[in-house]
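Coordinate-derived values only; no laboratory data. Quick caveat: nothing in here was measured; it's all calculated off a predicted structure. Here the Cβ positions follow ideal geometry from the backbone for every residue, glycine too, while neighbour counts run over all protein chains shown.
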Amino acid sequence: MKRGTARLLRWVGLLEAGRRAELRWRLGQSRALPDAVILGAQKSGTSSLHNYLVQHPGVIEPLRKEVHYFDIACERGEAWYRAHFGPLGAPGLNLDSSPYYLFHPAVPQRLHDLLPDAKLIVLLRDPVRRAYSHYWHERDEGRETLGFEDAIAAEPERLGDSHQQLAAGTLQRSHSHQHFSYLARGRYAEQLERWFTLFPREQFLVLRFEDLAREPLVALNQTLDFLGLPPATAVSLEARNTRQYPPLPESTAARLRAEFAPHNRRLEQLLGRSFGW
């Protein structure tokens, strides 16, 4: 192992140990629930927007960005969830940003049961680019070993009926559903429709990743206005979790654009706006 990599792993380990100790200490305190939640989609700028928001003096930074309570950690209980946020009654807006929430079929009801009045933020990205970025994220993390074409071909078999089982509560967690859902996560309309059955649409802000990437300050201030906070005056707008990867072959991109076309039209009809994908 290279010396730099070993040093980074030690630093990450120390950081995580510090978080666990802080979490244990917080469990004995009265803590708030989040006022706003970034739901996803994964690989659509959620880390960047989260980073921009927590620089605002009116936002309380959570103990960790991705708490993942409503998708993979709900058995830990409400006290554990609250321990990630600010003290009860402290001034400021508490924020949870967990990008698996949007896609996980059981999350809308779970979140509504605990946070019925939360402001909900959704970032959507060209589903072809999102799928390819998601794939390389899984490759970089060592979870994906197939080529992109083979991975998307294997997706239906990998996912199986996990989505239905998660929705029914007969399955607690699915590794494939969480990590290998490259195309399924890009069918945005069917995901939003689940949320819209429980929450009024005025509780949602839906942003395009492409707008956030092109004009981050505009997107940030739009989000702050939605949250009832004053515009940002001093903020570092460095994008997070960017990576370089080989170009997507045009033949593959064209095939996926055709596959996503009806889903994109359904999304535009649902939201009454064009996304330009």
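Rounded, prolate or oblate: which fits region 1-151, taking a ≥ b ≥ c as square roots of the Cα gyration tensor eigenvalues, rounded meaning a/c under 1.5, else prolate when a/b beats b/c?
Values: a/c = 1.85, a/b = 1.27, b/c = 1.46.
It comes out oblate by the Cα gyration axes.
If amide hydrogens are placed 1.01 Å from N in the peptide plane, which non-local residues have theirs closer than 5 Å to the one on residue 144?
139
Under the Kirkwood approximation applied to all pairs of distinct alpha-carbon atoms, what is the hydrodynamic radius of region 35-94 in Å?
Taking the inverse mean of 1/r over all distinct Cα pairs, region 35-94 comes out at 12.5 Å.
Given the C-alpha atoms of region 90-190, compute the convex hull and give its volume per residue in Å³.
135
Based only on other Cβ atoms within 10 Å, what is the fewest-to-most ordering of 238, 193?
Numbers: 238 10, 193 13.
Result, fewest neighbours first: 238, 193.
Roughly what would the spin-label model give for residue 110 and residue 22, points 7 Å off Cα along C-beta, in nm?
2.3
Can you sort 177, 137 from fewest to most other Cβ atoms within 10 Å of each residue's own Cβ?
Starting with the residue having the fewest Cβ neighbours, the order is 137, 177.
Based on the alpha-carbon gyration tensor of region 205-260 and its eigenvalue square roots a ≥ b ≥ c, which shape applies: rounded if a/c is under 1.5, prolate if not and a/b is larger than b/c, or oblate?
oblate
Taking neighbour Cβ counts within 10 Å as the exposure measure, how do 38, 121 sort from fewest upward?
Ascending number of Cβ neighbours within 10 Å: 121, 38.
If you wrap a convex hull around the alpha carbons of region 168-277, what volume per residue comes out, as a whole number of Å³?
Taking only Cα atoms, region 168-277 has a hull volume of 177 Å³ per residue.
For the chain, which semi-axes, largest first and in whole Å, follow from the square roots of 5 times the eigenvalues of its Cα gyration tensor?
29, 23, 21
Given points 7 Å out from each Cα along the Cα-Cβ axis, report the residue 213 to residue 63 separation in nanometres with one decimal.
Calculated label separation equals 3.4 nm.
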